Amino acid sequence: MFLIRGILYSLPLWILLAGGSLFRTVAGFRLVAESDALIHVISKRIDRLSPLESKDGVEGEICGLLFEPLLRRDASGTLQPNLITGWSFRSVVTIRCNSEEAAGEAEARIRAGEAPAKEPRPIALERFGTVLTLVFDRVEPGLETPLLEALPQRLLGDFLALKVASDHSIRALISSWIESSGKKEQVSTVDFFGDREASLFISGAADPVVEELRTYLAANPEPKSHLEIVGRRCYSVDRETLIDLRPKVFWHDGVPFSAEDVRFSYDTLAGNSSESPLAQDFDFVHSLEIVSPLRLRFSSTGMPDTMEESWEKLPILPAHLLVGKKGEVVPEAISQYLLSPIGMGPYRLLRRRPDGGIDLAANPAYHRGVPRERLVRYVRVSSLEPILLSLQDGTLDQIEVDSRFAGWIQRNPGIVETLKDIPRFQELVVWNLKRPPFDRAPVRRALAQAINLKSIRLNDPNRYLTASSGVFARDAPFSPVPMTLPDFDPAGAKKLLDEAGFTVNEKVGFRSNSEGAACSFTLAVDATNPGLVTLARSLSRQWAEMSLRVEVEALAPELLYGERLPERKFDAVLLPRELPYGQDQRDIWHSEGSGNLSGLADKEVDTLTQSLCVGRDVEKLRETVERLQNRIAELQPVFFLGDSGRIITLRKGAIDIFPPDAEHPLPLAETTHRVEINRPWWVRHSPQQSPTP
Amino acid sequence: MTRRLLSSLLMTVIRVIFIGIVLGFLVRRITSTPGDLELGSWLTEPWRGVLLNRLIVSGRVLIFALPTILITGYLWGIFGARFRRLHLARLLSLPFSTFACVPGFWFVILVAAYSYFHWQRPGFADELTLESGPNLLVWWHAAVVALPAAAAGVAWQIRAVATHLERTMGRPWVRSLLLEGENDDTIFYRYLLRHKAGSLISLFSGGIPLVLSSLIVLEPAFHLEGIGALLTESIKTSSPSGVLISAIALVSPSILASFFSELFPASS
């Protein structure tokens, strides 16, 4: 009994002993146990990772490591083959002959080399009834002319060619008209180019048929279609492009990348039936079909010079993961995919860490070579002290800094170094030109002149803001000299506002016009972006000094991007915009562009954006870009606050660049390109690998 | 028994009404968005997830703190009462009382500082994640918070148990047993403890409010994302839903414990 009592009474001491044992065990734990990984300390949880969104910062960096683009920009900003290795262009000429005998004779003449009399000659020929189909291995205007001239006119059919085009599918509409038409015998052929364009060849007396079709289309205003009489002709020319994909490329789960993935991505994100903004970039594509696992073919009536840019924008999704058994997209699979993305990039997702970070492992099947740094850990740590300790220990390589870090860095110089990436985003205030007072250019200029851009800062120590250089990425091949924007000139701004009729009303202290309407507006901003909200408030304060009443409206992203911007229900909105590399800027600046948020409608800008899409001569493009930028700077449809880039903070000397084909690593400081170009080849500095000086 | 049950229920209802009035007043004071107070808003998926995670974290602390209070308090209370002439109960509770005088948040910050200087790694609960193996770290964090949280409760429990037993030792029936020739040891273990077992059990609820209330200070100080930290965060961010669900989660165990303790015979 004594023993039992002794044990019972000493039980609290045993508990204490167990606590001591726990203390000894946890004493051995370290922030970073691995020495074979590149450690990047982050401060925020990594949420969904999507190849569909353009992001900067840590998430953008991770997406760049996970996902692989179809085409890649090199250090000079020029597009280079990547997953797409090459293009073959072909023209398909379809000739409708008078009769089957005439078609036979024409075929014989072509095969005998009589037609066309000179190059180019067709590489393939097929006859079906009265129709001859010829394939040429090139795309050039007037390609069919020598062929048609060499064939006797008596062999060729006599048709009136009509073209019906629409912004939406007209396939069903045209088909139903032909079925119901009393003159359908006269409709010799209908060729559909995609869903939105059709060519009809009418034989005999064509006028009644045209009238009937016109009446039919007028009676069916949806979809809004346009009928064009092309003229008397017997042929049609279709452009075909063959896309060759890189072989031996694998998704991170080991499934080979194939044409099926490209077609699925196109159908989902950019196809005729897609409502995605990307669809506008692919409006030249009529149809896309798979020729072989590594080859696709798409047809188009024209071949825009910006075709490669369009394909560059298409993110590639894994069809094998997202398509259900019946060929439909599975929404649950998409949600799962965004949480555990599978890409083809240099690194694959190893796991999501319990702290909200992420672990990436080198992709052993990466087609550009296996990254030498096998493991990259994005570790989430919220306190400053452990970061500082680990930096001093050399167990951390890269950090996302916060405001507390600035003081420490001044007291401990030489421990970290910073790297400024080239600005990838542009912060701008978009004016709604349909609403007063923004419908007046002097007012917009006054608002720009009222802001001292040197005094505004981004509320993010990991980003910097610099003066806007233009409407394109700084390292775009045709980026010209920086555009001239209004300088800070408060006196000039006041004068412009006074001249515009907005004088200071002494009673209320704000500017108003002669009718008493106050010069006030709301500045909408994404509430989830604290940096932009701070920026908006800073702008509001400076405008208030000009006696302007500006209310900052911090809105939820769903409301701002889902409702206000598409319906243009705003006075002014502060937005970040990714600086583009592509020539085609119609979406943003053209009066009919879907992304033209300001509602700018200027003939000169429309002409310049149109002409920018044509040609590849860099010098000519540069001239056009300069004129476009000057015109935009003059009109001020948006107020350019500046270009923002990422500041990367690294432990000093921690990172080298070591591409797979290099013999020795290079210090990171010696590279001057965009960070994303060399990011897959970052390795932790190792004295053994570095060349001796 | 029925009367005791009814009186327990009545007391519980009175407590709930009182707490409801206090909470309602508190929430109204910080309410900025009336819609946030709707019942549905606390039961939505995000809140349920948050609440569950926070309850798990605080639950680990309670797994350490409550058994420590009950085991140490009862065993050493009885031990102290047995050797009442040596004032053992006071001596045993003294270290805990002294420790309870040190503000708990100082203790957890000292542990963090110790971890920082001696282990060369972060000290607070949200700074280190175990890469592999059993996650002993979360139990360490729970233990660090549980220790100061349990100190006052242990001291109180030892004194309460010992005082209750010591008072009974002066009763006439105990003296008569002594006069009958029973020795002290037999009287204490055979008669006193058996006779007073019910009323001793009714003392178990005293330490629970002490632990739960200390979580409100200790968890934020140690960066432990528990239910106490949720309350302080909700107050800071003026979130009535957060205040309400965290306060209810903190108060409910105390009410339940009081209800059950009142089912036993009164301790006085």
Distance from the Cα centre of the range B:92-119 to that of the range A:60-102, in angstrom? 68 Å
Selection from A:GLY343, A:PRO413, A:ASN363, by position along the positive dipole direction of the range A:329-474 (Cβ): A:GLY343
To check you understand DSSP bridge types, tell me what percent of the beta bridges within the range A:475-580 (both residues inside) are antiparallel, rounded to 5. 30 percent
Using only Cα atoms, tell me the angle between helix A:207-219 and the longest principal axis of chain A; keep it within 0 to 90° and round to the nearest 10. 30 degrees
Stretchable slack from A:ALA517 to A:GLU101, in nm (0.36 nm times residue separation minus alpha-carbon distance): 141.9 nm
Of the candidates B:LEU88, B:ILE216, B:THR68, the farthest towards the positive dipole end of chain B (Lys/Arg Cβ +1, Asp/Glu Cβ -1, centred on the Cα centre) is B:LEU88
Cα gyration tensor category, rounded, prolate or oblate, for the protein assembly as shown with a/c compared to 1.5: prolate
Given charges of +1 on the Cβ of Lys and Arg and -1 on the Cβ of Asp and Glu, with all other atoms neutral, how large is the dipole of the range A:182-282 about its Cα centre, in debye to the nearest 20? 280 debye
Working with all protein chains in place, sort B:THR98, B:THR163 by solvent-accessible area computed with a 1.4 Å probe, largest first. B:THR98, B:THR163
Taking chain B as a Gaussian network, where each spring joins two C-alpha atoms under 10 Å apart, which residue of B:THR168, B:THR186, B:THR68 fluctuates the most? B:THR186
Helical contribution to [θ] at 222 nm, DSSP H n ≥ 4, -39,500 (n - 2.57), averaged over the protein assembly as shown, rounded to 500: -13000 deg cm²/dmol
Taking the 0 to 90 degree range and rounding to the nearest ten, how far is the long axis of helix A:384-393 tilted relative to the main principal axis of chain A, both from C-alpha atoms? 90 degrees
With a point put 7 Å past each Cα toward its Cβ, work out how far A:ASP283 is from A:ARG352 in nm, to one decimal. 3.9 nm
Spacing of the two label points (7 Å from each Cα toward its C-beta) at A:PHE488 and A:ARG295, in nm: 6.2 nm
Using a 1.4 angstrom probe with every protein chain in place, what is the largest-first accessible-area order of A:LYS603, A:LYS44? A:LYS603, A:LYS44
Taking a ≥ b ≥ c as the square roots of the eigenvalues of the Cα gyration tensor of the range B:137-210, is the shape rounded (a/c under 1.5), prolate (a/b larger than b/c) or oblate? prolate
Is any helix in chain B, taking whole DSSP H runs, at least 27 angstrom long along its axis by alpha carbon and on average at least 0.5 on the Kyte-Doolittle scale, and which ones? B:2-30, B:45-82, B:136-169, B:240-261
Using a 1.4 Å probe on protein heavy atoms, which residues of the range A:377-409 have at least 20 Å² less accessible area in the complex than alone? A:SER382, A:SER383, A:GLU385, A:PRO386, A:LEU389, A:ASP393
Counting only heavy atoms of protein chains, what accessible area per residue, in Å², does the protein assembly as shown have with a probe of 1.4 Å? 48 Å²
Of A:ILE7, A:TRP87, A:PRO146, which is farthest on the positive side of the dipole of chain A, counting Cα position, with +1 on Lys and Arg Cβ, -1 on Asp and Glu Cβ, and the Cα centre as origin? A:ILE7
What is the antiparallel percent of DSSP beta bridges lying wholly in the range A:506-651, to the nearest 5? 10 percent
Taking the Cα centroid of the range A:130-144 and of the range A:524-568, what is the distance between the two, rounded to the nearest whole Å? 55 Å
Radius 13 Å from Cβ of A:GLU197, net charge of other residues (Lys, Arg +1; Asp, Glu -1): -2
Solvent accessible area, Å² - A:GLU211, 1.4 Å probe, full protein context: 100 Å²
Counting only C-alpha contacts under 8 Å and six or more residues apart, can you give the relative contact order of chain A as a whole percent? 15 percent
Sort A:TRP589, B:TRP76 by heavy-atom solvent-accessible area, probe 1.4 angstrom, most to least. B:TRP76, A:TRP589
So, in nm, how far is label B:ASN53 from label A:ASP137 when the simple model puts each one 7 Å beyond its Cα toward the Cβ? 6.1 nm
Return the subset of A:LYS420/A:LYS454; A:LYS163/A:LYS183; A:LYS420/A:LYS620; A:LYS454/A:LYS569; A:LYS163/A:LYS603 for which the Cα-Cα distance in this structure is over 23 Å, preserving the input order. A:LYS420/A:LYS620; A:LYS454/A:LYS569; A:LYS163/A:LYS603
Taking only C-alpha pairs under 8 Å that are 6+ residues apart, what is the relative contact order of chain B in percent? 31 percent
Summarise the accessible area of the range A:360-411 (1.4 Å probe, protein heavy atoms) by the percent that is carbon and sulfur. 46 percent
Row for the range A:232-291, column shape: gyration tensor on C-alpha, a ≥ b ≥ c, rounded if a/c < 1.5 i.e. under 1.5, prolate if a/b over b/c, else oblate; value oblate
Can you give me the long-range amide H partners of A:GLY77? Hydrogens built in the peptide plane at 1.01 Å from N, cutoff under 5 Å, separation of 5 or more residues or another chain. none
Log entry, pair A-B: total buried accessible area, probe 1.4 Å, protein chains only, in Å² rounded to 100, is 2700 Å²
Using the Cα centre as the reference, give the magnitude of the dipole from point charges on the C-beta atoms of the range A:1-142 (Lys, Arg: +1; Asp, Glu: -1; all else neutral), rounded to the nearest 20 debye. 820 debye
Accessible area of A:MET303, 1.4 Å probe, to the nearest 10 Å²? 50 Å²
Taking the Cα atoms only, what angle lies between the long axis of helix A:11-26 and the longest principal axis of chain A, rounded to 10 degrees? 50 degrees
The range B:126-268, dipole about Cα centre (Lys/Arg Cβ +1, Asp/Glu Cβ -1), debye to the nearest 20: 680 debye
On a C-alpha basis, how far is the centre of the range A:333-406 from the centre of the range B:156-177 in Å? Whole number, if you could? 63 Å
Would you mind telling me the antiparallel percentage of the DSSP bridges in chain A, rounded to 5? 85 percent
Would you kindly find the accessible area of A:HIS286, with a 1.4 Å probe and non-protein molecules such as ligands, DNA and RNA excluded, rounding to the nearest 10 Å²? 20 Å²
Hey, any idea what % of chain B's accessible area is carbon plus sulfur with a 1.4 Å probe? 69 percent
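The values are calculated or read from the model by the stated rules, or taken from the named source; none is laboratory data. These numbers come from a predicted model, not from an experiment. Counting neighbours? That spans all protein chains shown, and the Cβs are built from the backbone with ideal geometry, glycine included. What goes into the accessible areas is simple: the full protein's heavy atoms, side chains included, and nothing from ligands, DNA or RNA. Shrake-Rupley method; radii C 1.70, N 1.55, O 1.52, S 1.80 Å.
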